[in-house]
Amino acid sequence: MSIPITRYVRSYRQPTRLRISCLERLRDHLARSGVQGLSEEAEAALAADRHVERLEVRWRANRQSRTHAPEAQALDAELDHALKDFSDVLASLAKAFAGKARGEVPERLRRALFPLGVRAITGLRFLEQEVAVANLLRDATSEPLASDVRALELEGLVEQLTQLHRRYKQALLVEDGEAPTYEELREARRAGHARFCWLIAEILVHARRRRAVSEAAALGEALTVIERYDRVVKRMRRQRRSPRDEDELDDAPLAPPEAAEPLAAPDAASSEAA
């Protein structure tokens, strides 16, 4: 049975870029200290988190980019003109044959297709306009209005509007098929946090063995780096805003291990398990 490391090693779930900054400091510190194996572990965790950061950028870019294809704006304007032309043709025919039986057909058709005027359709948002035009075309090609369209010989105009509507609909709701889903991004974030916790566990195990005083001090300083980043996230959560994390972290020297507070962890810490 697989038991998640996060059950035994507890650390704040850091934003990916903040964790990357923490891992870079850990990697450099562990490499300078000469602790065998740990700098490579930090480098592997760092590579994984850089992949997560790239996923986050692509996911945000997909959300912030246009929902529709680039040609949607031009097609919307073309569709607006076509609708206005259709309405104007009906109005012109009704005016030309005003007072005659033939003039009742275009007026009836105009009232049925544009009951609130053409601007009630052209002023809608893209998706709403697409639905409104689809309903209009459905009415225009169904009885009894289809008979009026044929009587006025406007089948060509309706067909042109139908083809334009089809192109317009295809240009809407275009998504980046290569962009990650939110579920994929969330799973990648969880995996990054779990790998970070594994690195903490490795540091605790090495510190428990205490092969040399200098190595124990170096591992204590590594835990101090992690604890300092945890404080940044804690303050970030309390203030409900993005922290200027580098301001404090760059200026503050590494605290000696004996002065550092222990890393927040459950009673059954990984160091005891080791």
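Read-outs throughout are calculated quantities, based only on the coordinates presented, and are distinct from any laboratory measurement. Owing to the predicted nature of the structure, the values given are computational and were not obtained by experimental measurement. Note that each Cβ is placed from the backbone with ideal geometry, even for glycine, and that neighbours are counted across all protein chains shown.
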**Prompt:** Quick one: Karplus J couplings for segment 123-137, per residue in order, coefficients 6.51, -1.76, 1.60, θ = phi - 60°, nearest Hz, x for Gly and Pro?
**Reply:** x, 7, 5, 3, 5, 5, 5, 4, 5, 4, 5, 4, 5, 4, 5
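In nm, what is the difference between 0.36 nm times the number of residues separating Leu172 and Ala134 and their Cα-Cα distance? Numbers along the way, then the final one.
Values: separation 38, 0.36 × 38 = 13.68 nm, distance 1.38 nm.
Once the chain is fully extended between Leu172 and Ala134, it gains 12.3 nm.
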**Prompt:** Taking the Cβ of Glu24 as the center, what net charge do the other residues with Cβ under 11 Å away carry, scoring Lys and Arg +1 and Asp and Glu -1?
**Reply:** +2
**Item:** Label-point separation in nm, Arg237 to Ala47, each point 7 Å along Cα→Cβ
**Value:** 3.1
**Item:** Cβ-defined net charge surrounding Glu56, 9 Å radius [Lys, Arg +1; Asp, Glu -1]
**Value:** +4
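Listing Phe196, Phe126, Phe97, Phe86 from the residue with the fewest other Cβ atoms within 10 Å to the one with the most, what is the order? Walk me through the numbers before you get to the answer.
Values: Phe196 27, Phe126 18, Phe97 15, Phe86 22.
With the sparsest Cβ surroundings first, the list reads Phe97, Phe126, Phe86, Phe196.
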